[in-house]
Amino acid sequence: MLLFALGFLLVILQPSTGQFPRVCANVQSLLSKECCPPWDGDGSPCGELSSRGSCRNILLSQAPLGPQFPFSGVDDREDWPSVFYNRTCRCEGNFMGFSCGECKFGFSGLNCTERQVKIRRNIFQLTASEKNKFLAYLNLAKNIPSQDYVIAVGTYAQMNNGSNPMFRDINVYDLFVWMHYYASRDTLLGGSNVWRDIDFAHEAPGFLPWHRVFLLMWERQIQRITGDENFTIPYWDWRDAEDCEVCNDEYMGGRHPTDPNLLSPASIFSSWQVICTQSEEYNSQQALCSATSEGPIRRNPGNNDKSRTPRLPSSADVEFCLSLTQYESGPMDKMANYSFRNTLEGFADPQTAISNPAQSGLHNALHIYMNGSMSQVQGSANDPIFVLHHAFVDSIFERWLRRHRPMLEVYPAANAPIGHNRESYMVPFIPLYRNGEFFKPSRDLGYDYEYLQEPALQSFQDFLTPYLQQARQIWAWLVGAAVFGGIATAVLTGLIRACRKKKGGTSSEIQPLLIESEDYNNLTYQSNF
């Protein structure tokens, strides 16, 4: 009954973010290289008549790239999204979306002026009802087609440079699986040749901002298809865990009784089909993942290669990682030493911060430990544990941001691997987001983590908020009153001194230098007050 009700909501609620907007996946848009759909509110492109945005040329970063990708003009993802579109909606103020029809993360309301902060919670702190609702939402997303987005099943060249569009429908959950695949896939060079040392979402500075956007978009999709605007992604705190605590039928699915590589039939996830897991086959065919079913989710937690990942991450690993002061260093890839990003991602030792790609720590350790669908980068988002895991990784990123308070300039502006410079647009998101835009505290983006909140400080801020808002409204009057009061005080003081000078016989040279004891006590009290 719950799923039926949620499915009904699809008729009146539409998803807001994704990959190729359906309205731009056509010959006209591809040949003109323009994706500026009308906003439903006024029918004008990008809501221009309502001052929400306008159709503008894309401003691409001209900063130099690192040496990891020695090609140019061979991959559709280079200078994203210019191969497909060079004009898109540029939204104003707090508006966002491919048609400027949405609010930026952290804002809501008719005109996107209301600030909001939603709290992501530990999955084990959810009530049974909240947990079951989360599982139902996941299953709903897997079974509802995306209304606003489609995926590309051919390269731009295979589309005959736009004259033969190759797109297909996809369900909401798999849309995100496909986006994760597309960002991390190999470059197809023709024949049987590929270039593997490329990834627009991993092994470089953009790893943390990219997945932050990914989760925010995924969260918003769930909110919209369910109508539950208060939904937030729960996280799994895996520090010091001895096994996969969420791998049971109450949560994310237990082991199959006869095949340890599959999920228990009692779990709703046992019927899920994975997509985009056969990268070698795609490479040999010089093809993109077409999102066809490729079998059930595979998972065998703990039966992984212990020489590479001997254990799950510890609290000490996380604390050492947080102590690192450099966000990025050296080549800015998986060989970076003393890099917070590379250590958290798992390519550097969590006890020394020295790069060691033969070992998997922190973030990577969880993926390898799961020993199945989650252990292969391109298809890892097929396992719903992915979102729980990355929500916790994002919380560690958030802790680092709060502890070190870096300026935006800390994020590399140039010489990072392709797609990872500060001003580079993230692949494959439309609307467009730059890496540097998400190198800031989560509360600025409208969310926080339950275990990172400061209750006393927050309650004090909540207490002050209405008074600060009132002060803002009358600030001009307050400034004027202060100026007038200052002038009046100065005049009054001058008059009093003049009168005293007339009346008194003591010259300024023989006035006492110390204040009388009674006056001194009064002054001290007033200062303290």
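Table for the structure above
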{"quantity": "Hey, Ser360 among the polar types (S, T, N, Q) and under 17 Å from the mean Cα position of the chain (by Cα) or not", "calculated": "no"}
{"quantity": "Candidates Ser270, Ser284, Ser329 - the one that is small (Gly, Ala, Ser) and more than 30 Å from Asn171 (Cα to Cα)", "calculated": "Ser329"}
{"quantity": "Answer from Asn283, Asn261, Asn300 - the residue that is open to solvent by 20 Å² or more (accessible area, probe 1.4 Å) and touching a residue at least 60 places away in the same chain (Cβ under 8 Å)", "calculated": "Asn261"}
{"quantity": "Checking Val83 against (1) touching an Asp or Glu at 6+ places or on another chain (Cβ under 9 Å); (2) farther than 24 Å from Tyr182 by Cα, the condition it does not meet", "calculated": "(2)"}
{"quantity": "Among (1) surrounded by fewer than 24 Cβ atoms within 10 Å (Cβ to Cβ); (2) in contact with a Ser or Thr (Cβ under 7 Å, 6 or more places away or on another chain); (3) of a type in the set (A, V, I, L, M, F, W, C) - the single one Leu189 does not satisfy", "calculated": "(2)"}
{"quantity": "Among (1) surrounded by fewer than 21 Cβ atoms within 10 Å (Cβ to Cβ); (2) within 23 Å of Gln158 (Cα to Cα), the one test that Leu175 misses", "calculated": "(1)"}
{"quantity": "Residue match in region 104-111 (condition: touching a helix residue (DSSP H, G or I) at 6+ places or on another chain (Cβ under 7 Å) and part of a strand (DSSP E or B))", "calculated": "no"}
{"quantity": "Which listed residue is under 23 Å from the mean Cα position of the chain (by Cα) and either basic (Lys, Arg) or open to solvent by less than 20 Å² (accessible area, probe 1.4 Å) (or both), from Arg168, Arg120", "calculated": "Arg120"}
{"quantity": "Output for region 4-45, where each listed residue is modelled with pLDDT of 80 or more, small (Gly, Ala, Ser) and part of a helix (DSSP H, G or I)", "calculated": "Ser29, Ser32"}
{"quantity": "Unique match (being farther than 24 Å from Glu294 by Cα and crowded, with 21+ Cβ neighbours inside 10 Å) among Glu250, Glu229, Glu203, Glu245", "calculated": "Glu203"}
{"quantity": "Any pair with Cβ under 8 angstrom, 6 or more apart, that starts in region 151-162 at a residue that is touching a residue at least 60 places away in the same chain (Cβ under 8 Å) and among the small types (Gly, Ala, Ser) and ends at one that is open to solvent by 40 Å² or more (accessible area, probe 1.4 Å) and assigned to a loop (DSSP other than H, G, I, E, B)", "calculated": "Ala152/Met166; Gly154/Met166; Gly162/Lys33"}
{"quantity": "Leading residue by the ranking (most open to solvent (accessible area, probe 1.4 Å)) among those in region 47-95 that are more than 18 Å from Asn421 (Cβ to Cβ) and basic (Lys, Arg)", "calculated": "Arg56"}
{"quantity": "Residue ID - nearest to Phe20 (Cα to Cα), chosen from residues in region 137-160 that are surrounded by 16 or more Cβ atoms within 10 Å (Cβ to Cβ) and small (Gly, Ala, Ser)", "calculated": "Ala152"}
{"quantity": "Tally, over region 400-421, of residues that are assigned to a loop (DSSP other than H, G, I, E, B) and either more than 14 Å from Lys440 (Cβ to Cβ) or of a type in the set (Asp, Glu) (or both)", "calculated": "10"}
{"quantity": "Within region 339-384, tally of residues that are of a type in the set (Phe, Trp, Tyr) and open to solvent by less than 10 Å² (accessible area, probe 1.4 Å)", "calculated": "1"}
{"quantity": "Criterion violated by Asn371 - all others in (1) in contact (Cβ under 8 Å) with a residue 60 or more places away in the chain; (2) touching a Phe, Trp or Tyr at 6+ places or on another chain (Cβ under 8 Å) satisfied", "calculated": "(2)"}
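Rundown of residues vs (1) modelled with pLDDT of 95 or more; (2) crowded, with 17+ Cβ neighbours inside 10 Å; (3) not β-branched (Val, Ile, Thr), yes/no style:
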position	(1), (2), (3)
Ser99	yes, yes, yes
Glu102	yes, yes, yes
Leu110	no, no, yes
Thr127	yes, no, no
Lys131	yes, no, yes
Phe134	yes, yes, yes
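Here is a yes/no grid of residues against (1) among the small types (Gly, Ala, Ser); (2) more than 30 Å from Pro431 (Cβ to Cβ); (3) not in a loop (DSSP other than H, G, I, E, B):
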residue	(1), (2), (3)
Ile198	no, no, no
His202	no, no, no
Leu215	no, no, yes
Asp228	no, no, no
Glu250	no, yes, no
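The values are calculated or read from the model by the stated rules, or taken from the named source; none is laboratory data. Just so we're clear, the structure is a prediction, and the values are computed from it rather than from any experiment. Counting neighbours? That spans all protein chains shown, and the Cβs are built from the backbone with ideal geometry, glycine included. Ligands, DNA and RNA are excluded from the accessible area calculation, which covers all protein heavy atoms including side chains. Shrake-Rupley method; radii C 1.70, N 1.55, O 1.52, S 1.80 Å.
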